[in-house]
Amino acid sequence: MRGEALALIELRSLARGLRCLDALVKKAPVEVLEANLVEPGKHLLLFAGGVAEVDEAFREAVSVGGEDVVDRMILFDAHPALLQGLRGVEDIRTADEMDCLGVVEIDTVARALSCCDRSLKNADVTLAGLRVAGGLGGRAYYVVFGAQHDVEAALEIAEGRRELIPRPHDEMIPWLLRPAPFSVGGA
């Protein structure tokens, strides 16, 4: 049995992004995970749901987006931990519980989500969390942990900048997935 599908569409226009959002939710019942601005001045649509529904909504939004679509991706069987991470669920533990960390930073949100999905499916690692929000200049990153050889395998699969952090220190852990600097009231 297949899991949920995940789709992303990035557009160069906020106005066209909002029109695409309206079109995709009218076309099929999907869960919109994010519909917001990302740097540099792009609009990101991220949604999940059943395979057929996400595919139908994705095709409609891409069609409506036309030449304003600058990036897109669809995962027909997204890893459940990736979907949970996008819903804000994080798995932060003490340094003693995390033998080794792997941090992957990628220059586009679509590639970061695809790499994260592959890392989770092909290596025995746990997703600590991921960031695809503003304040990252259009980039995204994710953090996995596990036994060092498993984290190394997850990093090998990934693209972009990759850092291995064996035996992380407890004082470093709270900084792993900290919100963007200077946010007020946790927003």
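Checking the structure you have, find out if any residue of the range 105-112 is over 30 Å from ASP22 (Cβ atoms) and touching a strand residue (DSSP E or B) at 6+ places or on another chain (Cβ under 7 Å).
yes
Tally up the residues in the range 77-89 that are surrounded by 14 or more Cβ atoms within 10 Å (Cβ to Cβ), outside any helix (DSSP H, G or I) and among the hydrophobic types (A, V, I, L, M, F, W, C), please.
Selection size over the range 77-89: 1.
What number of residues in the range 157-177 are in contact (Cβ under 8 Å) with a residue 24 or more places away in the chain, within 20 Å of the chain's Cα centre (by Cα) and open to solvent by 90 Å² or more (accessible area, probe 1.4 Å)?
Result for the range 157-177: 3.
Of all the residues that make up the range 101-144, how many are open to solvent by 20 Å² or more (accessible area, probe 1.4 Å) and in contact (Cβ under 8 Å) with a residue 40 or more places away in the chain?
Final tally of qualifying residues: 16.
Going by the structure shown, is ILE92 surrounded by fewer than 23 Cβ atoms within 10 Å (Cβ to Cβ) and either in contact (Cβ under 8 Å) with a residue 12 or more places away in the chain or among the basic types (Lys, Arg) (or both)?
Judged against the criteria, ILE92 is a match.
Which of the residues belonging to the range 60-88 are over 22 Å from PRO29 (Cβ atoms) and out of contact with any helix residue (DSSP H, G or I) (no Cβ under 7 Å at 6 or more places or on another chain)?
Answer for the range 60-88, where residues must be over 22 Å from PRO29 (Cβ atoms) and out of contact with any helix residue (DSSP H, G or I) (no Cβ under 7 Å at 6 or more places or on another chain): GLY66, GLU67, VAL70, GLY85.
The values are calculated or read from the model by the stated rules, or taken from the named source; none is laboratory data. As the structure is a computational prediction, the values presented were derived from the model and not from experiment. So basically every Cβ, Gly included, is an ideal-geometry build from the backbone, and we count neighbours across all protein chains shown. SASA here: full protein model, heavy atoms, side chains in, ligands and nucleic acids out. Shrake-Rupley method; radii C 1.70, N 1.55, O 1.52, S 1.80 Å.
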